[in-house]
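Take a look at the structure below.
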Amino acid sequence: MSEYNFVEIEKKWQNSWEENKLFNVEKNDKPKYYVLEMFPYPSGDGLHMGHALNYTIGDVYARFKLMNGFNVLHPMGYDALGLPAENAAIKSNTHPEDYTNKSITRYISQQKSLGITYDWNRVVNTASPDYYKWDQWIFLKMFEKGLAYQKESAVNWCPLCNTVLANEQVHDGCCWRHEETKVEVKHLKQWFFKTTAYAEELYDDIDGLDWPEKTKAMQKNWIGKSYGTEINFEINNENWPIFTTRPDTIYGVTFMVISAHHKKLWDLVTAEQKNAVQDFLKQLNSVSEKDLETMDKLGVFTGSYAINPVTNEKIPVYAGNFVVADYGAGMVMAVPAHDQRDFEFAKKYNITIKQVIDGLITETRAFTQEGNLINSDKFTGVNSKEAISKITDYLISEGKGRRVVNFKLRDWGVSRQRYWGTPIPIVHCEKCGAVAVAEKDLPVALPREVKFGEGNPLLTNQDWVNTSCPKCGGKAKRETDTMDTFVNSSWYYLRYADSKNNEKIFDSEKANYWCPIDQYIGGAEHACMHLIYIRFYTKFLADLGLINFREPAKKLFHQGMLGGEGGIKMSKSKGNVIAPETVSEKYGIDTARLFLLSLASPDKARDWSDKGIQGSLKIIMRIFEYFEKNTFDQNFIDSKGIQSKINKTIKEVTIDIEEFKYNLAIIKLRQLFEYFENQQISKSTANNFLKLLAPICPHIAEELWHKIGNKDFISVATWPKCDESKIDEQLEKIEMVVSSLRLDILKIKELAKIEQIKKVKIFVAPDWKWTALSIVQDACKERPDFNIAIKALMANDEMKSHGGEIQTLLKTIISKYTDFFEIKKFDEYQMLLDAKTELEKEFGVVEIIKAETSAEAKAKSAFPTKPALLVE
RNA sequence: GCAGGGGUUCCCGAGCGGUCAAAGGGGCAGGACUUAAGAUCCUGUGACUUAGUGUCUUCAAGAGUUCAAAUCUCUUCCCCUGCACCA
């Protein structure tokens, strides 16, 4: 008997699948299905088990759909541009291109050993000019339509590196390379994509998506549609329209707060306040809103005053760290009496708190609920909810306000002052300004020769920077900002449809055939950013007429995170990263797949465990041995039990996999296997079992499939169909009854020291529903039994104390709930008759005795919820 | 801080109003097999109790709705994810 040599088996089938091009797809007559896992950033650390889990979840689904007769597109690619490659260049003097290529090579070899159904002909690599050429092409289209534009915006700046820092590179307000150097906030002219142009559609289309509800909720909150009023405040004779959802509190505005990152902040700062504001800004050493929000709410007076449009009061304007620069006007009207944040700010800086809604304001809490207006001139007495529209109407009639719909979503800042990104195809000409590079001149390729570590690397290659203007031919410089890497991942799924096209971004017909993605799989951490950008791009490309759909992914699934041994987060620094190759060598990748998927529902977090995987190996070895030991005959007739069990399993596993409940599918497969493990099964049942196993453990399924004489590949075999007529729930119940009776009999035999069983008598009350009722009725007449009866039926102690009046109630309850409690006892009686033969095989004579009346049933036992047994 | 999602028995995790002392796995304990170890198989694994059974205590904590709550509602505590230059 050969042993389970998983390394050899897995290699063999992986090669065989590749040689036979099993997973390379083209358009055909079958319905298409596009399964996509979010592509990885090829990090130098290589793939870890968490990636493997993600791809395996997708792979099981792709294999399942493939076997269900779909033409399945399941591609893989690399989101290869990004910060880590550049950090490696700075820290270890490796060129980002080399770092990336090395990482990709490693990723591919690791992924191939996972046995995944990727179509390796369609790989995309975003760092390749063949790919990012089309990122640049899209940029030009956006520029043409006015959706790509420049404006000033704040960045983290390290004066020592002389460069912009990513939020990630700022640690506690200091530079990642210079721990003593405080990061400064600087304003630079940067490129933006006008995502807000699609805000309404992005928001409205969420409802139509078959995505997790929580993700949809997060996107809605992120886009943040709100109806409000824009009110004109005058500051230094200039009009500032301020957005608010609470115009009802306009009479209570006692100060204004402008974002500390606002581009017009300095217009408001007076000479006397200059130093104070400068000092304040120095305290802000990150542009990350996360940092700002967790910091104390700080502010400083700018020296300017705004005029309240309804009261004409002069109110001070503060600069604050908790106001978002790009939302609304980047300034808020503060009503400390009725907003908690404003309240705390006012307390801190001793600003007047003016109450305008009747309600309780304490030392620590503002009154933020609904109420009647006070101190509000002609609106005094109006309910605050009504006042929202009344005051808005008034402001409109005075020409001091208007109704607006506001979105929290902001335009997407795509500029990065870094090397390893897609160059922005713009040339700055002294005369013509920002000019688009001609389409025919794309791609604007990254020059290899640059210096890292100080300033923007692209600026260090003057040959590349200096060019001529595409418009006037005069002297010009290239844009040295590159694009955010989210740009690359916003349309990659379309490129897979036609990944090698040199003429076009993709062939529309191909994209429309394969896309949108039917099932997208990736981490929940992308709920807001990536998953909004990809939707934005899809809508834009649809508007260009390139595709005929407006949403990228029909269905979305978030896999859970994989933690390290003992629940500790897997990380390089903790040294607990599990590499898939180590695992495949030790246990085989099928075992690893089975283990990872059996641990938890795919959307839940789970932890790696070296011990746990042994359990998975065990069951795989048992399956292997079972198929080694047995032969499978086409003409063998399965027992009714096996027929029922296999069909039920087919039915349930099909649903479980469809719904991503792989862990439950595995439990059912194990139970099926354990059921037939010591029996003979037919060839077709053996085939069906292996088919059910194939998506989860494809290699061993393929191996055993061939071993039992099949010639084609199980990976592309047809998924088994459930024959409902073979499912016999009654039979399964009987089996349970038989096995529990059997154990009971054996136990009695042992206890009673019976050498040889001569006869088994089983007593049952036939019409249990009726018997129970009559027992209760009897019991109700005589107090002593009353409690027993009621307790047994209702298990409700409260009932005891209410005495006789309860009888009527009981009857109702019993007739209503008897089904839950008692009716199955009658079923058991029927089953017993069926089970009789089964038991006789083992114990000789078995007699089933019906207790004819309730009195007789009572006599056998006070409350026999199980058949009474008498063994002689 | 804001937004979203969670806390289930020794551990990991199913369950998401009645058949729930709660699937499955792991661990642990006992038994079978073995010279022994390993592997494998069987049994047990909240407490007390019975031949079958029953009673009590459990699903983060507290309160509530219901004849009935792990499951529904509210409050509190803790954990995870995201917060726009990590991808």
- [ ] Starting from the Cα of residue A:477, step 7 Å along the direction of its Cβ; do the same at residue A:718; then give the gap between the two resulting points in nm.
- [x] 6.8
Task: region A:198-228 residues near the modelled residue A:288 label - backbone nitrogen below 13 Å, point 7 Å along Cα→Cβ - done: none
Task: Neighbour-count order for A:262, A:428, fewest beta carbons within 10 angstrom listed first - done: A:428, A:262
- [ ] Over the Cα atoms of region A:86-153, compute the convex hull volume and normalise it per residue, giving Å³.
- [x] 160
Task: Gyration tensor verdict on region A:83-198 (Cα atoms; rounded if a/c is under 1.5, prolate if a/b is larger than b/c, oblate otherwise) - done: oblate
Task: Under Karplus coefficients 6.51, -1.76 and 1.60, residue-wise ³J(HN,Hα) of region A:609-621 in Hz, glycine/proline x - done: 8, 5, 5, x, 5, 4, x, 5, 4, 3, 5, 5, 5
- [ ] For region A:257-330, build the convex hull from the C-alpha positions and give me its volume per residue in Å³.
- [x] 93
Open item on the list: As an exercise, find the ratio Rg/Rh for region A:31-150 from alpha-carbon atoms, using the Kirkwood inverse-distance average for Rh.
Closed with: 1.05
- [ ] Principal axes first, then extents: for the Cα atoms of region A:1-69, list largest minus smallest coordinate on each axis, whole Å, largest first.
- [x] 41, 39, 19
TODO: Could you list A:596, A:839 in order of exposure, starting from the residue whose Cβ has the fewest other Cβ atoms within 10 Å?
DONE: A:839, A:596
Task: Extension gain from residue A:544 to residue A:397, taking 0.36 nm per residue of separation minus the Cα-Cα distance - done: 48.8 nm
Task: For residue A:119, distant residues with modelled amide H under 5 Å away - done: A:74, A:76
Task: Of A:668/A:721; A:151/A:263; A:12/A:661; A:65/A:640; A:651/A:691; A:354/A:400, pairs whose Cα-Cα distance is over 19 Å - done: A:12/A:661; A:65/A:640; A:354/A:400
Task: GluC sites (Glu not before Pro) restricted to DSSP loop in region A:7-68 with at most 11 other C-beta within 10 Å - done: A:26
Open item on the list: Taking loop as defined by DSSP and a crowding limit of 14 other beta carbons within 10 Å, which GluC sites (Glu not before Pro) in region A:366-464 fit?
Closed with: A:370, A:398, A:430, A:449, A:454
Task: Calculated FRET efficiency for the pair residue A:296/residue A:837, C-beta based, R₀ 56 Å, to 0.05 - done: 0.10
Open item on the list: Please compute the volume of the convex hull spanned by the alpha-carbon atoms of region A:386-446 and report it per residue in Å³.
Closed with: 196
TODO: Rank the residues A:499, A:397, A:715 as a footprinting-exposure proxy: fewest other Cβ atoms within 10 Å of their Cβ go first.
DONE: A:397, A:499, A:715
Open item on the list: Report, in listed order, any pair from A:220/A:385; A:220/A:539; A:214/A:500 with a Cα-Cα distance greater than 29 Å.
Closed with: A:214/A:500
TODO: Return the FRET efficiency for the residue pair residue A:618, residue A:226: r is the Cβ-Cβ distance, R0 is 51 Å, and the value is rounded to the nearest 0.05.
DONE: 0.35
Task: Restraint check, A:182/A:290; A:32/A:194; A:27/A:133; A:21/A:629; A:274/A:347, Cα-Cα greater than 28 Å - done: A:32/A:194; A:21/A:629
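Any read-out appearing in this document is the output of simple, stated calculations on the displayed coordinates, not a laboratory observation. Small disclaimer: the values here were computed from a predicted structure and weren't measured. Here Cβ is always computed from backbone atoms with ideal geometry, including for glycine, and neighbour counts include all displayed protein chains.
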